[in-house]
Amino acid sequence: MAADTAESVEVRAALVRLRRATGLPVAFGGLVDPGGRLVRISELSGTATPALSALAVSSGNGLGGKAVALARPCAVSDYPASRQISHEYDTAVATEGLCSVLAVPVVVRRRVRGVLYGALRTARPLGDRALGAAVAAARDVEQALVVRDEARDLLDAVRGPGPAAGAAKDAAWEEVREAHGALRALAPRIADPRLRAELLSVCGRLAGAVAPSAGAPREVGLAPREVDVLACVAAGATNAAAAERLGLRPETVKGYLRSAMRRLGAHTRLEAVVAARRAGVLP
């Protein structure tokens, strides 16, 4: 059996949340292949048979394929009899005994990356509550994929093929630093503690990828919010702008900044940013 990917783990967790929120007996789903044409059903929750496992759903075919093609949720109250969809997958659906089914696409940057399904074994309409919960579960997966894509891009930029020259190198580092600050500001708003911890871990790896000219890092003991404020200051934000970005009051931001400066032995905002970069706290 292939090792779980981070993305498949997110899909599995979303299906569990979907069933818990709606009481639906069955949920399943999977991700779109790199070509963007097939959804491979890889995660099952509440199924009684393996009929749906590894099923490859083509864009435009069946309920999930329709959701992929239209990039919007679709539902049927009587799958076998529905005239709104094609019926390439009737055997698998019938084997599992499903009747009412909904399918919600996972859309990231206007591209469908997966589909989540919820289903009943009786033929009755799935209401707004079930659809809303399925959409919320899909949004959770979307957020996780966006964060991972951003983190992967940033790490690729840091590990780039050799040192860039002059202005190009400086511009690349500024982009990494700006994105690092944005990710740190996003982290406190993420409800999933596992995803939040993973994001902060990536931020730490970025901060540790010190530019060659920055010298060896030294140990400092900054609180997470002090690092958040310094990341905003490094991007040129005023105290008021940093407060808005982080959801804090300007006075609170000022307090965190003062504390960080004291820990870093800095007398100005610029000195604090420079010291934090030398310490490997900021990229």
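What shape does segment 6-138 take by its C-alpha gyration tensor, where a ≥ b ≥ c are the square roots of the eigenvalues and a/c under 1.5 counts as rounded, a/b above b/c as prolate, and the rest as oblate?
Because its axes are fairly even, with a/c under 1.5, segment 6-138 counts as rounded.
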**Request:** Quick one: grab Rg to one decimal and Dmax as a whole number for segment 49-92, Cα atoms only, in Å.
**Result:** 10.3, 29
**Prompt:** Roughly what would the spin-label model give for residue 71 and residue 129, points 7 Å off Cα along C-beta, in nm?
**Reply:** 3.2
**Request:** Please work out the Cα center distance from segment 214-283 to segment 89-105, rounded to the nearest Å.
**Result:** 53
**Request:** Please work out which option in [x] 0.93; [y] 1.03; [z] 1.11 gives Rg/Rh (Cα atoms, Kirkwood Rh) calculated from these coordinates, and answer with its label.
**Result:** [z]
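What net charge do the residues around residue 15 carry, taking every other residue with its C-beta under 12 Å from that of residue 15, with Lys and Arg at +1 and Asp and Glu at -1?
My count for the surroundings of residue 15 gives +1.
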**Prompt:** What length, rounded to one decimal in nm, is gained on full extension from residue 271 through to residue 94, with 0.36 nm per residue of separation minus their alpha-carbon distance?
**Reply:** 57.0 nm
**Asked** Scanning the chain for helices, which whole DSSP H stretches are 18 Å or more long along the axis (Cα) and average -1.0 or more by Kyte-Doolittle?
**Response** 6-22, 128-158, 166-186, 193-208, 250-264
**Fill in**
Summing -39500 (n - 2.57) over every DSSP H run of at least 4 residues in the chain and dividing by its residue count gives a helix-only mean residue ellipticity at 222 nm, to the nearest 500 deg cm²/dmol, of -16500 deg cm²/dmol
**Asked** Please identify the trypsin sites (Lys or Arg not before Pro) of segment 52-122 that satisfy two criteria: DSSP loop assignment and at most 10 other Cβ atoms within 10 Å. Which are they?
**Response** 83, 109, 110
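Read-outs throughout are calculated quantities, based only on the coordinates presented, and are distinct from any laboratory measurement. Computed from a predicted structure; not experimentally measured. For neighbour counting, all protein chains shown are included, and Cβ atoms are generated from backbone atoms with ideal geometry for every residue, glycine included.
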